[in-house]
Amino acid sequence: MGAGEPDFATPEFIREAAKAALDAGATRYTAVEGILPLRQAIARRASDGIAGSAVETSEVIVTAGSKQALFDACFVLFGPGDEVLVPTPAWTSYYEMIALARARPVEVHGRPELGLKVTAADLERAATTDTRGIILNSPCNPTGSLYSANELREIAALARDRGWWVISDEIYQRISYAGHAPSMLEVARERDNLVVVNGVAKAYAMTGWRIGWAIAAPEIVKAMTALQSHTTSNAATVSQYAALAALEDKTRSEDAIAGMVAEYRRRREAAVSVLRECGIPLLPPDAAFYLFLNVGRALPNDPEAGTSFAARLLEEEGVAVVPGAAFRAPEWIRVSYATSFDTVVEGAQRIAALWNRLLG
Ligand SMILES: Cc1ncc(COP(=O)(O)O)c(C=O)c1O
């Protein structure tokens, strides 16, 4: 229950489109910023329900997974002496990407009563004159928390007021159990300080294809393209055609996503009911496919309770989870339910068994 990737196969119509693309010659380099039809499809998709003007193709770059888009953005926007606010707990790579750009990640700890989310006021308090930006992740890995449109609006307004960049990682947007997960693009009327990152990995079960993208001002896209031209060149050509099929065939892709989300929901409900029964504090998982559990009470004198609990879980119960320390929340563990229903139920029961044993 450690892996952060869908256990489903990529939908068949997408695999078929990739095979057809290969046979049609999709075996060469593409433009560094990606094939035009895919960039157009991304721009069209991102323009749905948007607050400002429609997204132009010149605002889109295709990358080798959303991870590369996030790295490119950090490298292009931040440098030595800059501070970047990271609502914490957060996905482990943000801290490293910011550090790779020689900037300093600043942890802004989320509020327990808000599902470990931060408010605009929390960000304001953590800022200094060196603050240059923020990396926001809604829905959030590892907490499964979802920022409302209002919460996003307040953060966008603060960032605009302070002249900060906002990198908004929306990779889990389509995996929501609490209705539509709003994008920053839906609340920010002006977006010249915004880099919105998304991709096909999680929603379409396409982690291995490595296709993500960023939507940003044309000059930022140009800088990211220049960086990418010296690092990876284009994202894999055949994968770009597969992603194009995923975005263009709305009927089949929406069916596939709905089926996967329904199954995640079933697993989530089963796991939550087992874990709630034994009293482990857990956050309401509104989105993504993780449960974030506070195991501090089971190991009260251990400052790294999550790591110790995870090690014992592996050794004594044969269950792998990710210690919260990876997300800078050392009392917690992250449990992925992107695995079969029976494994999820059995895994939750074994977590409960260890918890009960430790609490005597
Ligand atoms: C929050 C978050 N952002 C980005 C990524 C990277 O996704 P991709 O496969 O598109 O690079 C992950 C993967 O685990 C993630 O959890």
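Determine the sum of side-chain charges near residue 244: Lys and Arg each +1, Asp and Glu each -1, restricted to other residues whose C-beta is under 15 angstrom from that of residue 244.
That sum, taken over residues with Cβ under 15 Å, equals +4.
Among 32, 140, 101, which residue has its Cα positioned farthest towards the positive end of the charge dipole of the chain, with +1 placed on the Cβ of Lys and Arg, -1 on the Cβ of Asp and Glu, and the dipole taken about the Cα centre?
The listed residue farthest towards the positive side: 32.
Who wins for biggest fluctuation among 221, 195, 272 in a Gaussian network model of the chain, springs between alpha carbons below 10 Å?
272
Which shape class applies to the stretch 1-102: rounded if a/c is under 1.5, otherwise prolate when a/b exceeds b/c and oblate if not, where a ≥ b ≥ c are the square roots of the Cα gyration tensor eigenvalues?
prolate
What distance in nm lies between label points placed 7 Å from Cα along the C-beta direction at residue 189 and residue 12?
4.9
Provide the gained length on full extension for the span residue 161 to residue 276, in nm with one decimal, where the gain is 0.36 nm per separating residue minus the Cα-Cα distance.
Roughly 37.2 nm would be gained on extension.
Would you mind telling me the share, in percent, of accessible area of the stretch 253-358 contributed by carbon and sulfur at probe 1.4 angstrom? Working shown, then result.
Working: 2210 of 4310 Å².
Whole-percent figure for carbon plus sulfur exposure: 51.
If I model a spin label as a point 7 Å beyond the Cα along the Cα-Cβ vector, how far apart are those points for residue 269 and residue 248 in nm?
Taking the simple label geometry, residue 269 and residue 248 are separated by 3.7 nm.
With every protein chain kept in place and ligands, DNA and RNA left out, what is the accessible area per residue of the chain? Probe 1.4 Å, answer in Å².
I get 40 Å² per residue for this part.
Enumerate by residue number the trypsin sites (Lys or Arg not before Pro) in the stretch 1-85 meeting two conditions: DSSP loop (anything except H, G, I, E, B), and at most 15 other Cβ atoms within 10 Å of the site's Cβ.
The qualifying sites are 28.
Counting only GluC sites (Glu not before Pro) that sit in a DSSP loop (anything but H, G, I, E, B) with at most 16 other Cβ atoms within 10 Å, what is the longest stretch of the chain containing none of them?
Longest run free of exposed loop sites: 57-189.
Can you figure out the FRET efficiency of residue 51 with residue 357, using R₀ = 41 Å and their beta-carbon distance, to the nearest 0.05?
The computed FRET efficiency comes out at 0.20.
Name the shape class, rounded, prolate or oblate, that the alpha-carbon gyration tensor gives for the stretch 275-329, where a ≥ b ≥ c are the square roots of its eigenvalues, rounded holds for a/c under 1.5, and otherwise prolate holds if a/b is larger than b/c and oblate otherwise.
Cα axes put the stretch 275-329 in the rounded bin.
If I require 24 Å or longer along the helix axis, counting alpha carbons, and a Kyte-Doolittle average no lower than 0.0, what helices from the chain are left? Use full DSSP H segments. All intermediate terms of the calculation are to be shown ahead of the outcome.
Values: long enough: 250-278 (42 Å, -0.62); 341-358 (26 Å, 0.21).
Helices meeting the criterion: 341-358.
Give me the percent of accessible area attributable to carbon and sulfur for the stretch 26-249, probe 1.4 angstrom. Don't jump to the answer; show the numbers that get you there.
Working: 4300 of 8360 Å².
Its accessible area is 51 percent carbon and sulfur atoms.
Please get the size of the charge dipole for the stretch 253-358, origin at its Cα centre, with Cβ charges of +1 on Lys and Arg and -1 on Asp and Glu, quoted in debye to the nearest 20.
Dipole of the stretch 253-358, to the nearest 20 debye: 220 debye.
Mind listing the Cα extents of the stretch 253-358 along all three principal axes, in Å, largest one first?
Largest to smallest, the principal-axis extents are 48, 25, 22 Å.
So how far apart, in nm, are the two label points at residue 5 and residue 96 if each is 7 Å from Cα heading toward Cβ?
It is 1.5 nm.
Filter the chymotrypsin sites (Phe, Trp or Tyr not before Pro) in the stretch 71-103 to those in DSSP coil with at most 10 other Cβ atoms within 10 Å of their Cβ, and list the result.
none
Taking the Cα centre of the stretch 26-249 as origin, sum charge times position over the Cβ atoms of Lys and Arg (+1) and Asp and Glu (-1), and report the length of that vector in debye to the nearest 20. Spell out each step's value before the answer.
Details: 20 positive and 24 negative charges, 79 e Å.
Once rounded to the nearest 20, the dipole reads 380 debye.
R0 = 30 Å: FRET efficiency of residue 109 with residue 258, Cβ-based, nearest 0.05?
0.30
Given a Förster distance of 41 Å, report the FRET efficiency between residue 149 and residue 230 from their Cβ-Cβ distance, rounded to the nearest 0.05.
0.60
Tell me, in nm to one decimal, what length is gained between residue 238 and residue 58 on full extension, where the rule is 0.36 nm per residue of separation less the Cα-Cα distance?
Gain on stretching residue 238 to residue 58: 62.6 nm.
The values are calculated or read from the model by the stated rules, or taken from the named source; none is laboratory data. These numbers were taken from a predicted model, which means no experiment stands behind them. Glycine gets a Cβ as well: all are built from the backbone with ideal geometry, and neighbour counts include every protein chain shown. The accessibility values were calculated without ligands, DNA or RNA, using every heavy atom of the protein model including side chains. Shrake-Rupley method; radii C 1.70, N 1.55, O 1.52, S 1.80 Å.
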